[in-house]
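Worksheet for the structure shown next.
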Amino acid sequence: MRSVDAMEALAAEDRRGAYIWHLDGLGGLFGEEGDRLRGTVERLVAEGALGRVADGLYYNRLSRSVGLDTLYDFARALRPDGLSYESFESAASQWGIISQVPWRLTFATQGSGGEYRTPLGTVEFTHTGRDDDEILRNTSEWPDGRGRIASYALTLDDLLRHHRSVDLIDWEEVDGALGVERHLR
């Protein structure tokens with residue numbers, strides 16, 4: 001497909017709110033498959049119209065949807081099946097459990113763990129053995145629809161269970177949030 005035609009198709013999808021695709025989705029959009037599709041995608045990546053998120057996953061770099069929540073959109077596209085939720089350092093930072101702002105989005109997933117270095121930041125998945133009921137009881141949906149986030153208590157429990165960033169936890173903040181009084185001798 002000619003680049004100009006492919007870019008018109010990408011722009012039309014962008015107007016509908018779609019800007020992330022797996023390779024087969026691009027094949028359907030462009031009406032191509034096999035070597036021809038791979039050639040079109042490689043050319044669009046080289047021209048800067050498409051960006052590669054991970055193996056077989058691409059995004060429209062020129063999309064008006066690219067913004068602050070794009071990394072969350074990448075995470076959903078990387079793990080479209082199964083239940084996952086934001087936790088560990090990125091949720092701990094948002095809850096004030098740690099004061100540092102992480103350079104990655106961290107998720108607990110029922111699937112396998114993995115780390116994806118995307119053009120817009122790193123997305124990390126860590127396996128959890130929690131079942132659907134426990135996850136749904138202890139997480140909530142972000143109001144803007146970017147996915148689920150662990151509750152304060154679940155975030156803290158995930159950090160402690162996985163021994164992650166325990167040295168960064170602000171225990172005074174945690175004690176205050178949980179209503180705990182510690183008496184040091």
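Scanning region 14-43 for residues that are more than 21 Å from the chain's Cα centre (by Cα) and either buried (at least 17 other Cβ atoms within 10 Å of the Cβ) or assigned by TED's automatic domain parsing to the domain that holds residue 78 (or both) yields 27, 29, 30, 32, 37, 40, 41.
For beta carbons closer than 6 Å, sequence separation of 6+ or different chains, a first residue in region 62-81 that is closer than 16 Å to residue 142 by Cα and a second that is assigned to a loop (DSSP other than H, G, I, E, B) and at pLDDT below 95, the qualifying pairs are 69/146; 70/120; 71/120; 72/146; 72/147. Among the numbered conditions (1) assigned to a helix (DSSP H, G or I); (2) in the same structural domain as residue 155 (by TED's automatic domain parsing), the only one that residue 80 does not meet is (1). May I ask you to say which residue of 10, 50 is farther than 22 Å from residue 123 by Cα, surrounded by 17 or more Cβ atoms within 10 Å (Cβ to Cβ) and of a type outside the set (Ser, Thr, Tyr)? Only one candidate passes the filter, namely 10.
Exactly one residue out of 71, 83 is touching a helix residue (DSSP H, G or I) at 6+ places or on another chain (Cβ under 9 Å), under 30 Å from residue 99 (Cβ atoms) and at pLDDT below 95: that is 83. Here residue 47 fulfils each of the conditions (1) touching a residue at least 24 places away in the same chain (Cβ under 8 Å); (2) more than 30 Å from residue 138 (Cβ to Cβ); (3) in contact with a strand residue (DSSP E or B) (Cβ under 8 Å, 6 or more places away or on another chain) apart from (3).
The values are calculated or read from the model by the stated rules, or taken from the named source; none is laboratory data. None of the values given here were measured: they were computed from a predicted structure. Neighbour counts are summed over all protein chains in view; Cβ atoms, including those assigned to glycine, are modelled from backbone coordinates with ideal geometry.
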